[in-house]
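Participant: One structure, pasted below without further comment.
What follows is calculated from the coordinates using simple rules that are stated; it is not laboratory data. Small disclaimer: the values here were computed from a predicted structure and weren't measured. Please note: Cβ atoms are built from the backbone with ideal geometry, for glycine as well, and neighbour counts cover all protein chains shown.
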Amino acid sequence: MNRLFKYAFWKISGIKVYALIGKSGTGKSFRSKMVAEEYNIDLLIDDGLLIKGNKLLAGKSAKQEDTFLAAVRTAVFDDSEHYKSVLEALKKERFRKILIIGTSEKMVRKIATRLSLPQPDKIFSINDIATKDEIDTAMRIRFTEGKHVIPVPSIEITRTSPKIVLDSMKVLFTRKIFRPWKRTKVFEKTVVRPQFTQFDKAIISEAALTQMVIHCLDEFDPAIKVLKLKAKVQENGYSLNIKLRIPSKHMMKTSIGELQEFISESLEKYGSIFIAQVFIDMEEWN
């Protein structure tokens with residue numbers, strides 16, 4: 001079954017795709033089950049995993065990868081064996097709604113395309129379902145303690161990746177729609193520290209940061225090349241000065257500001273590297 005046929009099949013079958021987006025560390029995985037419960041969504045796609053209720057159906061978590069680049073590829077199903085295993089699991093499921101979790105609209109649309117799913121019908125922002133204080137708390141925990149959440153019970157994670165598991169938590173969810181017989185529900189989630197953050201990263205070399213940025217640019221716009229990167233460690237994270245080269249007749253589809261944000265979010269999400277600011281100097285060449 002080729003990708004176009006699978007896409008048409010799911011579209012004709014009335015499959016609705018939802019997405020939850022927000023910056024790294026804002027609590028998307030923590031709140032994903034609440035969104036799924038409120039909108040009766042059957043399946044979740046989160047960081048390379050296909051989840052149904054409290055079960056991992058297929059895939060592997062980006063959080064168990066040893067390197068930043070491997071985590072990026074896992075999250076967007078870049079590996080053929082990985083995405084094929086998830087496709088096979090999707091074909092076996094009878095579902096009407098699926099939720100894709102990502103840091104940006106571009107990311108969730110890329111995942112939908114990669115898995116031959118229709119593009120999202122509705123995209124939720126974490127800012128719409130969590131307060132500023134809740135988001136600030138989540139970000140503080142992420143960037144000071146390096147803790148992430150996977151929205152399934154810890155037993156599901158310890159079977160394949162026991163080394164990354166730190167703790168489990170239970171969350172009580174109350175539906176907004178009044179249904180006395182189904183008013184509250186308890187979800188168990190797993191607190192993990194990703195494998196790729198468990199090495200000594202007190203100081204990350206400029207060479208390593210350069211390789212990470214090169215990969216980010218390849219995802220963002222392959223025509224843009226890194227000429228030089230300088231990094232400074234500040235109290236609230238790394239400050240990056242990046243000199244880029246772009247073909248003189250090449251037109252970027254987005255702004256410099258969006259590129260800065262993309263680099264910052266990618267490094268924070270997959271490397272747990274907090275970026276205080278990104279400065280870009282763009283040079284054209286013929």
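Participant: If you restrict to DSSP beta bridges whose two residues both lie in the range 206-285, what percentage is antiparallel, to the nearest 5?
Facilitator: The antiparallel proportion sits near 45 percent.
Participant: In the structure displayed, which of Lys106/Lys230; Lys63/Lys228; Lys16/Lys92; Lys28/Lys97; Lys106/Lys253; Lys110/Lys253 lie more than 20 Å apart, Cα to Cα?
Facilitator: Details: Lys106/Lys230 27 Å; Lys63/Lys228 29 Å; Lys16/Lys92 17 Å; Lys28/Lys97 18 Å; Lys106/Lys253 12 Å; Lys110/Lys253 16 Å.
Cα-Cα > 20 Å for Lys106/Lys230; Lys63/Lys228; rest within.
Participant: What residues qualify as long-range amide H neighbours of Leu244, i.e. H under 5 Å apart, gap of 5 or more or another chain, H built at 1.01 Å from N?
Facilitator: Leu227, Asp281, Met282, Glu283
Participant: Once phi is turned into ³J(HN,Hα) by the Karplus curve 6.51 cos²θ - 1.76 cosθ + 1.60 with θ = phi - 60°, what whole-Hz value does each residue of the range 22-31 show in order, with x for glycine and proline?
Facilitator: Once rounded to whole Hz, the list reads x, 4, 4, x, 8, x, 5, 4, 4, 9.
Participant: What is the fewest-to-most order of Arg245, Arg73, Arg31 by other Cβ atoms lying within 10 Å of their Cβ? Before the final figure, lay out each step's value.
Facilitator: Numbers: Arg245 15, Arg73 19, Arg31 23.
Ordered by Cβ neighbours within 10 Å, fewest first: Arg245, Arg73, Arg31.
Participant: Here's another thing I want to ask about it. If amide H atoms are built 1.01 Å from N in the plane of the peptide, which residues on other chains or at least 5 residues away come under 5 Å of the amide H of Ala276?
Facilitator: The list, which skips near neighbours in sequence, is Tyr238, Ser239.
Participant: Under 1.5 on a/c is rounded, so check that first for the range 206-285, then, if it is not, pick prolate when a/b is larger than b/c and oblate when it is not; a ≥ b ≥ c are the square roots of the alpha carbon gyration tensor eigenvalues.
Facilitator: Working: a/c = 1.89, a/b = 1.68, b/c = 1.13.
Since a/c reaches 1.5 and a/b is larger than b/c, the shape of the range 206-285 is classed as prolate.
Participant: Quick check on the exposure proxy: order Val76, Val233 from fewest to most C-beta atoms within 10 angstrom.
Facilitator: Fewest to most other Cβ atoms nearby, the residues stand as Val233, Val76.
Participant: Would you mind ranking Glu88, Glu105 by Cβ crowding within 10 Å, fewest neighbours first? Kindly include the intermediate steps, with their values, before the conclusion.
Facilitator: Numbers: Glu88 11, Glu105 14.
By the 10 Å Cβ count, ascending, the order reads Glu88, Glu105.
Participant: On to the next question. What is the packing order of peptides 37-48, 206-217, 248-259, taking the mean over residues of other C-beta atoms within 10 Å and listing the highest first?
Facilitator: On the way: 37-48: 19.2, 206-217: 17.5, 248-259: 11.2.
The peptides rank, most packed first, as 37-48, 206-217, 248-259.
Participant: Rounded if a/c is under 1.5, else prolate if a/b beats b/c, else oblate: with a ≥ b ≥ c from the C-alpha gyration tensor eigenvalues square-rooted, which is the range 16-61?
Facilitator: Details: a/c = 1.68, a/b = 1.09, b/c = 1.55.
Here the range 16-61 falls in the oblate category.
Participant: Sort 132-138, 98-104 for me by packing, meaning the mean count of neighbouring Cβ atoms within 10 Å per residue, highest on top. Could the numbers behind the result be given before it?
Facilitator: Values: 132-138: 14.3, 98-104: 24.0.
Final packing ranking: 98-104, 132-138.
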